[in-house]
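Quick note: the coordinates plus some simple rules give every number you see, no bench work behind them. Quick caveat: nothing in here was measured; it's all calculated off a predicted structure. When we count neighbours, we look across all protein chains shown, and the Cβ atoms used for this are built from the backbone with ideal geometry, even at glycine.
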Amino acid sequence: MIIQPRVRGFICLTSHPEGTAENVKQQIEYVKSKGKITDGPKKVLVIGASTGFGLASRISAAFGSDAATVGVFFEKPSAPGKPGTAGWYNTAAFEEQAIEAGLYAKSINGDAFSDEIKKQTIQLIKQDLGQVDLVVYSLASPRRTHPKTGVAHSSVLKPIGQAFTNKTVDFHAGVVSDISIQPVENQEDINNTIAVMGGEDWKFWIEELKNAGALAEGVKTVAYSYIGPELTYPIYRNGTIGKAKDDLEATVSTLNEILKDLNGISYVSVNKALVTQSSSAIPVVPLYISLLYKVMKEKGIHEGTIEQMQRLFSERLYNGAEIALDEKGRIRVDDLEMREDVQQEVAKLWEQATTDNLEEISDIIGYRNEFFHLFGFNFENVNYDADTNEVVEIPSIKGQS
Ligand code: NAI
């Protein structure tokens, strides 16, 4: 079928199999161009492996360190006349390239929050790899059904205490406007957001992997967080999502206790703000990202998900020396984003930004382009008017979908 982008708000309903494969290929090429990671991971589980930081982590481990990878995600398979989601096609392309390179790669598609998917994943690890030496936790989800209570929690993206008014952008139309977001009305919304995006599920994974003997001596585990500039604090770091990130970060000490007898260790890495399916859903953030991209590109220090994860693996997690942490014990790969000169320039542009000058002072065009890239669109070497086969199988899931 001919697949063109169909956009609704901040999501794109269609994905292109050849374009997503191109996206994956470019990420693999980048990792290969950086050479092998010294003493990198060899057997890796990535939870949330099909898009964004999780996909980039899987590619960095596989192509930067020849690691065998098991990826868990929740994606819609393709069917005749119905394109699959981007993460489905990304994984198909990843597995094909991994197989070609002689690397083990298998995937599990289902709800990572459930006991059933944890059980299946652990079974696969035990059967094929024995143990893993790195667990990457990179889920981003709006809801979670709690595996023990059966309660369905939905997260909210709201400030706490008082309403927040600031600029935002409709990045498709290029229109800058003011947005007012009312604060959460009750503690329940905060608790629900923590239940979805906090650290409990990460802990469940690590506990269950350990109890099954699926974690190797010296295992590492990492989850991802965000801080960002003060102007997004009310909606991000001091808002409901920030409370969930506080909880995720606090889980590190619990996990370190659990992993102590294996000489294992857990980390949270604070990453840079980037265009992903999740970040485009947060009000105010897309305008900040398009100004940030402009400034960082001009300074020659811009990074995408793959540059971030390759650097996390090669210069932080596996740099052969002690890992530098901030005062709260976190790894920082948002160091370039948070540089004072970068933040000062972004703050200045923020004051000036209007619909009229948006294209000139921000990288809104780059933002839009990257958004479409997430779904496999806007690649110059892909012909979007041509027929393409929408039915693509993931090699390790063949016949099961
Ligand atoms: P993303 O939306 O690109 O990826 C989310 C992944 O989670 C996908 O693989 C998806 O299939 C999987 N997933 C969602 N629900 C699932 C479920 N129930 N079961 C199994 N898999 C499920 O998100 P992104 O942006 O890569 O986020 C990953 C982490 O990085 C999050 O913790 C996020 O807060 C963090 N982060 C994101 C930043 C950004 O600017 N995008 C900045 C810093 C941190």
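A compact table of results
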read-out	value
Checklist (1) closer than 14 Å to Val46 by Cα; (2) in contact (Cβ under 8 Å) with a residue 40 or more places away in the chain applied to Gly87, failing item	(2)
Answer from Val275, Val285 - the residue that is within 21 Å of the chain's Cα centre (by Cα), of a type outside the set (D, E, K, R), under 17 Å from Leu231 (Cβ atoms) and within 16 Å of the ligand (Cβ to nearest atom)	Val285
Scan of region 74-116 for residues that are among the basic types (Lys, Arg) and away from the ligand (no atom under 14 Å from the Cβ), ordered by number	Lys82, Lys106
Qualifying residue in region 10-19 (condition: in a loop (DSSP other than H, G, I, E, B), crowded, with 22+ Cβ neighbours inside 10 Å, within 16 Å of the ligand (Cβ to nearest atom) and polar (S, T, N, Q))	yes
Verdict on Gly228 being small (Gly, Ala, Ser), in a loop (DSSP other than H, G, I, E, B), surrounded by fewer than 18 Cβ atoms within 10 Å (Cβ to Cβ) and touching a residue at least 60 places away in the same chain (Cβ under 8 Å)	no
Enumeration of residues in region 298-315 that are of a type in the set (A, V, I, L, M) and over 17 Å from Leu134 (Cα atoms)	Ile301, Ile306
Condition check for Ala281: surrounded by fewer than 21 Cβ atoms within 10 Å (Cβ to Cβ), more than 30 Å from Ala62 (Cα to Cα) and touching a residue at least 24 places away in the same chain (Cβ under 8 Å)	no
Strands (runs of 3 or more DSSP E) contained entirely in region 34-135, each with at least 3 residues that are aliphatic (A, V, I, L, M)	43-47, 68-73
All positions within region 20-58 that are surrounded by fewer than 24 Cβ atoms within 10 Å (Cβ to Cβ), basic (Lys, Arg) and under 26 Å from Ser280 (Cα atoms)	Lys25
Tabulated pairs, region 5-20, first touching a residue at least 40 places away in the same chain (Cβ under 8 Å), second among the small types (Gly, Ala, Ser) and assigned to a loop (DSSP other than H, G, I, E, B), C-beta under 6 angstrom, 6+ apart or interchain	Ser15/Gly376; His16/Gly376; Gly19/Gly376; Thr20/Gly376
